[in-house]
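Chemist: My questions all concern the structure below.
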Amino acid sequence: MNRILEQGTPNETIAAGSNVHIRRIVVPIDLSAYSEKTASYAVGLAKNFGASITFLHVFSPEALTEFATGEVYEIYGRERSPAKERLAIFASHISQTYPRCQTEIRVGDTAEQTKLAALELDADLIITPSYNPGFLDRLFGLEQAPRTVNCAPCPVVVYYESNK
């Protein structure tokens, strides 16, 4: 297997070695600098396959479930506006290099919403970023990458870039 990978370009190797078809990719992003690196990686992979990409931004539902007054919903809506603007700028920047991308905003748990988006879009692949989680993140299972892998309906690529 290693010999085959060394002989050709990734496109030639994949085309000759299997029937892998990636048409749709879902990428959960949080609009951080690391998400931009993950998005760049996803665009490179999508270009190889001619796949479309859906960048998914998920808001946490805590503000909606903690409080039950209309005023809180109003405040929560205002908090989403800057993120929507940043997501539009992000999508505009990405679409200049790769036009086959779109964005989607959801409210809920990131891993669960990524799974639902992958199911609804009939995604062939999920590319999720992985950060250096802290002790408490690992202890309480808050790191999103393993949670996404565990509930995903399709293959998952975990993008990780070390700081070495």
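Chemist: So which of A33, A42 ends up being small (G, A, S) and under 19 Å from V149 (Cα atoms)?
Modeler: Of the residues listed, the single one that is small (G, A, S) and under 19 Å from V149 (Cα atoms) is A42.
Chemist: For the stretch 19-36, what are the residues that are loosely packed, with under 14 Cβ neighbours inside 10 Å and at pLDDT 85 or above?
Modeler: Hit for the stretch 19-36 is H21, nothing else.
Chemist: Which one is farthest from C151 (Cα to Cα), of the residues in the stretch 94-114 that are within 15 Å of the chain's Cα centre (by Cα) and in a helix (DSSP H, G or I)?
Modeler: Once the filter is applied, the top-ranked residue is I94.
Chemist: Can you tell me how many residues within the stretch 86-136 are at pLDDT below 85, surrounded by fewer than 17 Cβ atoms within 10 Å (Cβ to Cβ) and in contact with a helix residue (DSSP H, G or I) (Cβ under 9 Å, 6 or more places away or on another chain)?
Modeler: Final tally of qualifying residues: 2.
The values are calculated or read from the model by the stated rules, or taken from the named source; none is laboratory data. Just so we're clear, the structure is a prediction, and the values are computed from it rather than from any experiment. Here the Cβ is made from the backbone with ideal geometry for all residues, glycine too, and neighbour counts use every protein chain on show.
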